[in-house]
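The values are calculated or read from the model by the stated rules, or taken from the named source; none is laboratory data. Model, not experiment: these values are computed from the prediction. Heads up, the Cβs are rebuilt from the backbone with ideal geometry, glycines too, and the neighbour counts pull from every protein chain shown.
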Amino acid sequence: MLGCKVNEWSTYLLVLLISTVCAADTIVLKGGQRLTGDILAEKETVLYVDIGVDVLTIPKEKILEYEYTADKLKPTAEVDVNDPNAESGESQSARGSAGQLYRTADLKKTTIEKCVDAFSEAVVKVSSPAGMGSGFFLNEDGFLITNYHVIEKETKIEVTMFQKAKNGFEKKKFKKVKIEAINPFVDLALLKVEDMGDTKVTFAYLGDTERITVGEQVFAIGNPLGLERTVTDGVISTRNRAFEGLVYIQTNADINPGNSGGPLFNLAGEVIGVTNMGYIFFGGLGFAIPVDYVKHFVENRDAFVYDKDNPNTGYKYLQPDRRRNRQKPKFLKESPSPK
């Protein structure tokens, strides 16, 4: 009995020590209960709290008060607690700032299956009279990225979203799509769906090019040859293949017409590139625009803003008039003869 009591007190002291050293957010319920944990996300009506062994969903109507630890900022972007990485029980954070259209997050690597389940709804089909490709949402406001060549010379654009339903996926088509910015030199376009209404948007987080490693497993989601929601996987073959002055990620994940503009994910579900080209008759040679180019393009979107009434929009420049006098210039006529 004495031994048991000693062990019980040791356990109590250990728990007390841990709770004292480890700072945590505090939630006080109206019933008087007090919880400590890591507030992963705060929404209008609920808090998502990681208590170490599980993630709790606490309605705000049952909360008397709550506060974040002094050394931790309130999350600036929501973290989807249903995302596969929440199972690890480790604290994850998302980052974003005012006016920034994209989000980044510290996500933990998992399986392709779980990543697809969490983020496949962020991938859309982008259609125009000239053809179709893929794209993905950057945020909940309907901003999305695709390739410039997917919408090149087109202004009538349609976006198809695939939302999970009881019996598979449900298609939602949006016809009011605005071209926000274009940069043909890096083959990127920023679009915005303006008739989103009350539709809930799943968006993808952007990763970090510096953390990409050769041999790392990756996967792409897109609509190759019109085959919607196709997932292909592979590895990073080369992280810095040069083409015409730009650097691309090379992968052996199959990239086909229709994949263009879709995301290349790592196993954390972060977008590390935008697929834009591959060799049709040679498998295992796919290429993606590194995510750092995407961030730079979005952050400097004002420089690439699209204006349908401006012939110089973003990339075209008026050519100077041709020389009207076809005769040889005077200095050529008077050039000295060789001796």
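Things worth noting here:
- When the range 166-207 is filtered for residues that are assigned to a loop (DSSP other than H, G, I, E, B), touching a residue at least 24 places away in the same chain (Cβ under 8 Å) and among the charged types (D, E, K, R), the ones remaining, listed by number, are ASP187, GLU194, LYS200.
- Of the residues screened, MET161 is not one that is outside any strand (DSSP E or B), hydrophobic (A, V, I, L, M, F, W, C) and closer than 16 Å to ALA122 by Cα.
- For ARG34: the one exception among (1) under 27 Å from GLU140 (Cα atoms); (2) loosely packed, with under 12 Cβ neighbours inside 10 Å; (3) at pLDDT 80 or above; (4) not polar (S, T, N, Q): (1)
- Residue match in the range 142-161 (condition: closer than 23 Å to VAL235 by Cα and small (Gly, Ala, Ser)): no
- The number of residues in the range 229-244 that are at pLDDT 95 or above and under 16 Å from PHE162 (Cβ atoms) comes to 2.
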